[in-house]
Amino acid sequence: MEFIGESIVIGLTQHAPLILAAMGFALIYRLTGTINVAYSETLTLGAYFGMWVNTNLGWTFYFSLIPAGLLAGLLSVGTYFAFFRPAKLRGMGALEVIILSFGLSIFLRYGLQFVFGYPVRFYDVGTTTTYRILGTGVSAFRVMALASVLILAVGLYLFIQKSSYGLQIRALASDEDLAKASGIRPLFVTTLIWFIAGVAGGLAGAFYGVNSNVSYLLGWRQFLFIFLVVMVAGRKSIGSVIIAGAATGIALAALNLRLSQSLYAQLVLILAFMVILKVRGRRMAETGKV
Amino acid sequence: MNLNWLSAFLITGLFSVVMVAGLALLLHLQLGLTRIANFGVVGFFGTGMYVYGVLYVRVDWPFGDPWQFLVCALAGTVAAGIAGTVVGWLIADLDVDAMLLGTFGFATMVFILATTQKSLTGGALGMGGLRFPYKLGTVKANEALWLLILVIIVAGILFYVARVHRSPYGRMLIAVGDNEALARSLGKPAFRAKLLQFTVGSAGMGLLGVMYGVLERFLVNTNLGVELTLAAVVALVLGGSARVWGGVIGAVLTIGVFDIVVQSYLPLPKSWYGQAIPVVKQMVYGATLIAVLMFRPLGILGGMRRDKLMRRVHGA
């Protein structure tokens, strides 16, 4: 019982940003049907810019989230208009779009390193008191971070599922032609999606950064798990992404507690996810044949 | 033989150009012809490199070089091929997103194993003890001969790729890449063809990893970064992913320009070489990939020769 409690607490507090990042990634994935590798750099930008505002302007971490999220959202929209929209208009194939986003990811990653410098950087957040939750010690700061991530994740979920703009987003993702015929402005809604996704990525990056450190590889190191969560959750709903993200965080924490090295936990989970995709892929292929 | 004209920088630079050309040639068969999105090139490369290194250094062989090298190099190549079979089996019948995930996930797993298995690989500190399987006197002479051997291997890969292009098997790969469902409906064994291609290509990448490990003589997990995959993809896309020579030309224009011209001949401040040049290099590679895909998606060499011939014949 103690093990389960520890796994849940550690998994959710450490990996809560994964849920947020996966939600943003899933929004773009559901709309365009392609993988945006460069999404990982919205996390890195959010972490870097939040850290810069926090350490240079003296803003508290929570206030620094606002410019970090907004800038990451603008970056996301900028990449859409500069690269992904022209690529779509030129009829670029799915594989080519992935390679394009791979190139963009590399360009942005090293560009951010060039701008923000080479050393690993840290947020200036001081020390906080520790609370005991289900018998596990967690810093007040991490509890606040988890609460913030959950509020943002639920807010985003409600926005997508309940608001009129959310309805438009879902309609566009389901059937673009039908959405256009229904009076939805695709460009506005698409821009909104890329902005929200970028904001989610930027905030997730800032949370990742404050939990450890900020470096040019921050987003890239999270990308595989963000991608895995979204692929395993499927394209059905944002809710399934939240559940898959939370389950992944808890599974990682549980494996960390059981195995001698934290990297083994990642190894086991990557392998498990690949097998799941293989099994599911086969089933989809068989359905396709019918 | 007088090797004074050959600097250590030039040998390393030329080695990188030829090695990336070899990787891009193998990637051409996977990505260019068969449309298997292999974003885990460095995983197969690393498998060959580390299996070779571990066997060469950690095992007490009853015989010395060159047999020790040959046995370990064969094991490294076969191990990468087996890894290719397993990963290929997992992804070959899935969509492009799952292929990306599978190959990228595999590369991450190789990195994790190279980092965590410290007793075998040395972990993040690295592993020494590798050497050339011959002694010619000077380090420069040894490295120059090793470069020559790599050139012969990559020439062999080029010959193989050219033969595949002209063979019925190659035409089947192209058909599978163009429209897999149609190829299947015509009775072509699409999955088996893709799996075989992925296995052979991955084994070749493993062999190039072995060659690189011997040249470096010290294996460290930072060699397993995404930069190597990027270099192969950029070379292939820039040169022309549908053409045999595309990867070779692309490697000369990317790695050749940065690792030879910029690093060896441009009079840049020394302080730039430590951090600025490698970072700018990656930025330029990323920008090149974007620019080529946006403005010349078929690369410098353009589409396949047979496509051009068909257009001429049919007047399209």
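Rule-based calculations on the coordinates, nothing more; no lab input. For clarity, every value in this text was computed on a predicted model and none was experimentally measured. Here the Cβ positions follow ideal geometry from the backbone for every residue, glycine too, while neighbour counts run over all protein chains shown.
Descriptive notes on the structure:
- Under Karplus coefficients 6.51, -1.76 and 1.60, residue-wise ³J(HN,Hα) of the range A:158-174 in Hz, glycine/proline x: 5, 4, 5, 7, 10, 7, 5, 5, x, 4, 5, 4, 5, 5, 5, 5, 6
- Environment charge of residue B:105, counting only residues whose C-beta is closer than 13 Å and scoring Lys/Arg +1, Asp/Glu -1: 0
- Nearest 10 degrees, 0 to 90: helix B:67-91 Cα axis against chain B principal axis: 40 degrees
- Out-of-range pairs (alpha-carbon distance over 31 Å; input B:118/B:194; B:140/B:270; A:88/B:194; B:140/B:281): B:118/B:194
- With the largest listed first and rounded to whole Å, the semi-axes of the equivalent ellipsoid of the range B:1-122 from the Cα gyration tensor are 28, 22, 13.
- Exposure proxy ranking, count of Cβ atoms within 10 Å, fewest first, for B:212, B:56, A:48: B:212, B:56, A:48
- Applied to the range B:49-58, the Karplus parametrisation 6.51 cos²θ - 1.76 cosθ + 1.60 on θ = phi - 60° returns per-residue 3J(HN,Hα) values of 4, 6, 4, 4, x, 5, 5, 5, 8, 8 Hz, with x for Gly and Pro.
- Residue order, fewest to most beta carbons within 10 Å, for A:231, B:172, A:23: B:172, A:231, A:23
- Alpha-carbon centroid distance for the pair the range B:235-294 / the range B:149-201, whole angstrom: 28 Å
- Going by neighbour counts of Cβ atoms within 10 Å, the residues A:121, B:192 line up, fewest first, as B:192, A:121.
- Whole-Å semi-axes of the ellipsoid equivalent to the protein assembly as shown (Cα gyration tensor, √5λ, descending): 39, 31, 24
- Computed on the range A:57-199, the Cα convex hull volume stands at 174 Å³ per residue.
- Within the protein assembly as shown, helix-based [θ] at 222 nm, where runs of 4 or more DSSP H residues each add -39,500 (n - 2.57), nearest 500: -24500 deg cm²/dmol
- Test item: A:265-272 mean partner chain Cβ contacts at 10 Å: 3
- Under 10 Å, Cβ to Cβ, from residue A:134 - net charge with Lys/Arg +1 and Asp/Glu -1: -1
- Amide H contacts under 5 Å for residue A:133, placed H, 5+ residues apart: A:138
- Residue-wise HN-Hα couplings along the range A:49-60, as the Karplus relation 6.51 cos²θ - 1.76 cosθ + 1.60 with θ = phi - 60° gives them from phi, are 5, x, 4, 5, 5, 5, 8, 8, 9, x, 6, 5 Hz; Gly and Pro carry x.
- Legend: mean number of C-beta atoms from other chains within 10 angstrom of residue C-beta atoms, peptide B:276-289, equals 5.
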